[in-house]
1. Any idea how far apart residue 201 and residue 99 come out in nm if each label point goes 7 Å out from Cα toward Cβ?
2. With springs only between Cα atoms under 10 Å apart, run a GNM on the chain and tell me which of 62, 187, 231 wobbles the most.
3. Please determine, in degrees from 0 to 90 and to the nearest 10, the orientation of helix 254-263 with respect to the longest principal axis defined by the Cα atoms of the chain, where the helix direction is its Cα long axis.
4. Between the alpha-carbon centers of the stretch 163-209 and the stretch 14-60, tell me the distance in whole angstrom.
5. Whole percent per 5 Å bin, from 0 to the bin with the longest distance: what is P(r) over all C-alpha pairs of the stretch 2-202?
6. Mind checking the full-extension length gain between residue 170 and residue 110? Use 0.36 nm per residue of separation minus the Cα-Cα distance, one decimal, nm.
7. In deg cm²/dmol and to the nearest 500, what is the mean residue ellipticity at 222 nm of the chain if only DSSP H runs of at least 4 residues count, each as -39500 (n - 2.57), divided by the residue total?
8. Below 8 Å between Cα atoms, with a sequence gap of 6+, how large is the relative contact order for the chain in percent?
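Just so it is clear, none of the values below were taken in a lab; they were calculated from the coordinates. Being a predicted model, the structure only gives us computed values, none of them experimental. In this analysis, Cβ positions are derived from the backbone assuming ideal geometry, glycine residues included, and neighbour counts consider all displayed protein chains.
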């Protein structure tokens, strides 16, 4: 299923296999002046390709290599001959078959490998220039795009919720906290995330998210200093494990979030 909504010159395209999924399980792509930021999951790849017919898409940027952000690449290349760029660390991964957990196959599906070229420091369209901002906390290859004159910040999967309580093992939570501070310093006027809703005038939201994660980081360090292990710290801070844990084969869990902060200590 696809839904779309315009934010001035930016068209948000929301995609999900299951319309009743919570908003965090939807994935967004954004079309601006011929540039498509991310291409969504496999389950909606053909639908997105059909949706973009006659909408002037010329080029695609993947913010990182995860399956929910790249899976219409090959469809768009074959249908419209678009050029696709991605962070240098993503290029090889996007070009080979993905290795997924069962929940990833169910929710998003397998991407068809595609050929992409490495991003430079900027992406230019006819009217706009987008700065490529490395944000490696979510994954080492992850980037954001910032259009400084408009205050548009396209954040990929960096921002999901103001109070995150789960993490995958690959996430670097101290790194994500540093990336959010980098985002805040850019002083964006509007944030366009991949997994959730657009945030207009995001300063307060970013401040609250940073404050929350700093609080969690401080609690983890304090409880660790008292001799608690990761499981004990997780229960002290979050209570029971998050419901996402069993659904994702323990990939998204509160325990992983605690372990990520512990790695810094």
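1. Those two pseudo-labels are separated by 4.8 nm.
2. 231
3. Tilt of helix 254-263: around 80 degrees.
4. Here the answer is 21 Å between Cα centres.
5. 1, 8, 17, 22, 23, 17, 9, 2, 0
6. Working: separation 60, 0.36 × 60 = 21.60 nm, distance 1.93 nm.
Between residue 170 and residue 110, full extension yields 19.7 nm more.
7. Roughly -10000 deg cm²/dmol at 222 nm, from the helical runs in the chain.
8. Values: 548 pairs, mean separation 38.7, N = 265.
RCO, the chain: 15 percent.
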